[in-house]
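No value in this document is a laboratory result; all are computed from the given coordinates. Given the structure is predicted, the values throughout are model-derived calculations rather than measurements. All Cβ positions, glycine included, derive from the backbone under ideal geometry; neighbour counts span all protein chains shown.
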Amino acid sequence: MSDSERDAGMPQRASVGAVAEEQASAGRDEDNQYLTFRLHGEMYAFGILNVKEILEYGKVTEVPMMPDFIQGVINLRGEVVAVVNLARRFRFEAPAVTKRTCVVIIEVPGEEGHQELGVMVDSVSEVLQIPAEDIRAAPGFGARIRADFIKGMGKVGDDFVIILAEDRVLSVDELAMVEQLRQDTGQNAEAQGE
């Protein structure tokens with residue numbers, strides 16, 4: 001069996017941690033480092049301190065009765081990790097999976113400590129240093145996503161990067177509440193139809 005056959009369907013790691021460590025050792029402040037990625041043609045970012053690793057999109061096991069923005073689960077070194085389809089979470093049309101599609105593993109706070117979640121994105125771009133003075137407040141209107149999902153707008157050259165608030169976008173409590181509401185709404189609709 002060749003290496004490519006053996007690795008088929010298995011998540012492949014990227015060396016984002018090495019990039020972040022190298023930049024940190026160069027005297028840069030990790031609080032101002034962001035992993036940038038593309039989703040529906042827009043550039044978004046997560047704070048690098050919350051990013052644990054990046055995986056090539058591979059085998060994701062679908063789980064019945066999950067919200068539509070939960071793509072499924074992956075096996076990450078023996079642990080079950082839920083994968084959130086960020087496009088669906090933002091109520092965008094779900095894009096097709098390509099060679100550049102990635103799963104970014106993010107650590108988010110929960111009631112029982114920190115939890116790792118996978119976030120499916122169109123492609124990962126790079127780690128950027130964005131000084132605090134180049135970060136603007138989130139717009140109160142006109143955004144394609146919920147305003148509370150946006151931590152700020154990072155100015156990079158003549159463009160802006162949408163810096164996401166991981167704790168809100170990937171709120172474990174809110175994700176559970178949304179699913180409970182969907183189930184309740186579905187049951188009420190069924191009861192009214194009888």
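Some observations on this one:
- Counted residue by residue at 0.36 nm each, then reduced by the alpha carbon distance between them, the extension gain from Ala132 to Asn75 reaches 16.9 nm.
- A protection proxy built from the mean count of other Cβ atoms within 10 Å ranks the segments 35-45, 117-127, most packed first, as 117-127, 35-45.
- Contour excess over end-to-end distance, with Cα ends at Asp148 and Glu42 and 0.36 nm allotted per residue: 36.4 nm
- Put simply, when 49-57, 131-139 are sorted by average Cβ atoms within 10 angstrom per residue, most first, you get 49-57, 131-139.
- Packing around the peptides 99-107, 63-71, taken as the average count of other Cβ atoms within 10 Å per residue, puts them in this order, highest first: 99-107, 63-71.
- With R₀ fixed at 45 Å, the C-beta to C-beta distance from Val63 to Val156 puts the FRET efficiency at about 0.75.
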